Amino acid sequence: MPALKNMLGLLEQLQSEYITVHQHRCVVVRNRNASCRRCADACTSTAIALADGEISISPERCVGCGTCATVCPTGALSATHPNDAELLKGCLAVLTAADNDMIIACEQVLAVDSEAFDPEKLAAVVCLGRVDESLLCALATAGATSIHLVCGDCEACELKVGRQTAELVQQTTNTLLQAWGQDLRIELTDTLPEQATAGSGPGYDASRRAFFANFGRQAREVAASAATSALEEQLGAEKPPEPKFLKVMSDGTLPHFVPDRRERLLDYLTAMGQPKTETIVTRLWGHVLIDLRICSACQMCATFCPTAAITKLIDEDGSVTLEHYPGDCVKCRCCEDICPTDALTLDDAVAAHALLDGTVESYELQLPEVKAGSPQSIVGAMKKLLNVDQIYER
């Protein structure tokens, strides 16, 4: 596994017009013992690769597919050209033109026969791995009556790994739609639906065929420049640059950040009403369980949690309580990886209502008894004297 200083440099290499890097959100940057390698596993072009336990970065191989951003649990990587706001704007335009029948296709499908489809009735992406659950749920709440994700011949495609991500997103979105009592289901197919075929009906502009036939980087840049500032503000406007290095906050924990996609997704689920299913199992959320019998009360889970799904409260009497909010959990498993006594596990099953109603679970820690004059008492005295929680024995 690469050293922490190397991870900082490696992630920076990915910064480009197609990928924005927020390296301090990466769980491996936050804690070198974290096991997350999802970006490397999902990269369609080996721009991010894993060999012999070490991550390597080859930015020249990046094709801008955005799959790494889809699988990154903490939002350390985000796709641009188009960004999420621009992609949603384009999809909403298609949804209107196609009478609420939504089709999103990969470029390989469109390159086969540029005369076979009506460009006003579908949206194109480099790879379907770019599509995430927040986009699909946004379309569902906007009134989509059908959503088709269309892949080409994945076995013959250089980006075939992206289909695995598309399948995960499809499964997760369908789980959410079913849990919230929606009739809509996401279809993943290999052929364009009949409603996408080209025609010459009223309002059809045949000249747009050429535009979509050559849909690639140039087309994505055109779409990017066409996005309105209002939509940028609503769906994730460009924010001031974030700090390059992490600084421990006053409570002894590292800074927290909940990815914009997660917050938007919860907003869309709220718009759908109350869930009809008690528990859900998805790739997105986890439910933290702590065995207090073997917990050492080190509080490292709260220190390194990237989203504050686990937080700590210290009372005036010195007692410590951990609180867990599943709605902010991004299932990065950092807490599980770094727990020194294996007292913490992440359950895949999450109560659906807990995602929306702010349900918090509390664990009152049993702090270890410390004998006067012992090394532990010295550490405790120094913490109290300096008002710093992060002091450790070596």
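Structure summary
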quantity	calculated
Enumeration of residues in the stretch 262-306 that are among the polar types (S, T, N, Q), buried (at least 17 other Cβ atoms within 10 Å of the Cβ) and outside any loop (DSSP other than H, G, I, E, B)	THR303
Selection from the stretch 326-365 of residues that are touching a helix residue (DSSP H, G or I) at 6+ places or on another chain (Cβ under 8 Å), of a type in the set (Ser, Thr, Tyr) and in a loop (DSSP other than H, G, I, E, B)	THR359
In the stretch 4-34, residue modelled with the highest pLDDT [restricted to those that are among the basic types (Lys, Arg) and under 19 Å from VAL71 (Cβ atoms)]	ARG25
ALA309 in contact with a Pro (Cβ under 8 Å, 6 or more places away or on another chain), buried (at least 17 other Cβ atoms within 10 Å of the Cβ) and either basic (Lys, Arg) or at pLDDT below 95 (or both)	no
Pair list, Cβ < 6 Å and 6+ apart or interchain, from the stretch 305-328 residues that are farther than 19 Å from LEU254 by Cβ to residues that are among the β-branched types (Val, Ile, Thr)	PRO326/VAL350
Some residue of the stretch 100-117 being surrounded by fewer than 24 Cβ atoms within 10 Å (Cβ to Cβ), assigned to a helix (DSSP H, G or I) and among the small types (Gly, Ala, Ser)	yes
Complete set of residues in the stretch 175-201 that are surrounded by fewer than 18 Cβ atoms within 10 Å (Cβ to Cβ) and either in contact with a Gly (Cβ under 9 Å, 6 or more places away or on another chain) or part of a helix (DSSP H, G or I) (or both)	GLN178, GLY181, ASP190, GLU194, GLN195
Leading residue by the ranking (modelled with the highest pLDDT) among those in the stretch 133-156 that are assigned to a loop (DSSP other than H, G, I, E, B) and more than 15 Å from ALA98 (Cβ to Cβ)	CYS151
Residue within the stretch 53-69 that is open to solvent by 10 Å² or more (accessible area, probe 1.4 Å), hydrophobic (A, V, I, L, M, F, W, C), more than 19 Å from the chain's Cα centre (by Cα) and at pLDDT below 90 present	yes
Residues of the stretch 90-99 satisfying the condition of being open to solvent by 30 Å² or more (accessible area, probe 1.4 Å) and not in a helix (DSSP H, G or I)	ASP99
In the stretch 312-325, the residues that are modelled with pLDDT of 95 or more and either open to solvent by less than 20 Å² (accessible area, probe 1.4 Å) or of a type in the set (A, V, I, L, M, F, W, C) (or both)	LEU322, HIS324
From ALA166, ALA138, residue being surrounded by 24 or more Cβ atoms within 10 Å (Cβ to Cβ), in contact with a helix residue (DSSP H, G or I) (Cβ under 6 Å, 6 or more places away or on another chain), in contact (Cβ under 8 Å) with a residue 12 or more places away in the chain and small (Gly, Ala, Ser)	ALA166
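The values are calculated or read from the model by the stated rules, or taken from the named source; none is laboratory data. Worth saying up front: this structure is predicted, and the values here are computed from it rather than measured. When we count neighbours, we look across all protein chains shown, and the Cβ atoms used for this are built from the backbone with ideal geometry, even at glycine. Note: accessible area is taken over every heavy atom of the protein model, side chains too, but ligands, DNA and RNA are not part of it. Shrake-Rupley method; radii C 1.70, N 1.55, O 1.52, S 1.80 Å.
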